[in-house]
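Every number here is computed from the coordinates shown, using simple stated rules; none is lab data. Since the model is a prediction, treat every value here as computed from it, not as a measurement. Here Cβ is always computed from backbone atoms with ideal geometry, including for glycine, and neighbour counts include all displayed protein chains.
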Amino acid sequence: MAIRLVIFDALHTLLKPRRPIYVQYSQTFEPYLGVLEPEALKNSFKTALKQLQTEKPVYQSGAQEWWGEVIRRTAIGAGADQKGVSMHEALHVGDELAADYFGAKQSGLSALLLRRPGPEGEGEMKEANEDLRSIEVVPDLLHVVDRVNNANERG
């Protein structure tokens with residue numbers, strides 16, 4: 001099936017902050033909370049996010065359904081025909097295995113996981129001991145274009 005819509009995660013997929021986010025947090029907190037070491041904030045954020053996602057899930061009907069609806073409404077709000085693109089004609093690209101890759105798959109979208117090699121991939125949300133053997137991984141955004149072109153040539 002042809003791919004008619006490609007959706008991208010923003011942070012670390014398309015955009016990279018000028019300074020690491022944990023450094024920006026440190027600078028923002030300083031006038032109110034004093035000096036908090038950036039590296040400590042980096043580690044604390046990861047822990048806090050995981051804890052909160054476990055303890056208090058945000059989405060009433062599940063993250064996959066919620067994000068699928070966000071994506072659908074975003075496309076329609078930007079001018080896409082409501083019935084013009086089916087879920088299997090859409091592709092989501094992101095750097096987070098759980099949220100981007102599995103979230104898209106469970107919502108009915110095709111998905112690619114971005115894993116840039118070397119220093120370019122340092123900001124990506126990677127879990128220790130990730131098993132990516134059954135995951136469709138691309139090393140850069142040019143490979144996304146290649147995948148879309150190949151899928152559309154096959155029709």
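Couple of notes before you dig in:
- Restriction of the trypsin sites (Lys or Arg not before Pro) in segment 80-155 to DSSP coil positions whose beta-carbon has at most 11 other beta-carbons within 10 angstrom yields Lys83, Arg133.
- Projected-area mean, segment 79-155, by convex hull of Cα positions, square nanometres: 6.4 nm²
- 3J(HN,Hα) along segment 136-153: 7, 10, 10, x, 6, 6, 4, 5, 5, 4, 4, 4, 5, 4, 5, 5, 6, 5 Hz, from the Karplus curve 6.51 cos²θ - 1.76 cosθ + 1.60 with θ = phi - 60°, whole Hz, x for Gly and Pro.
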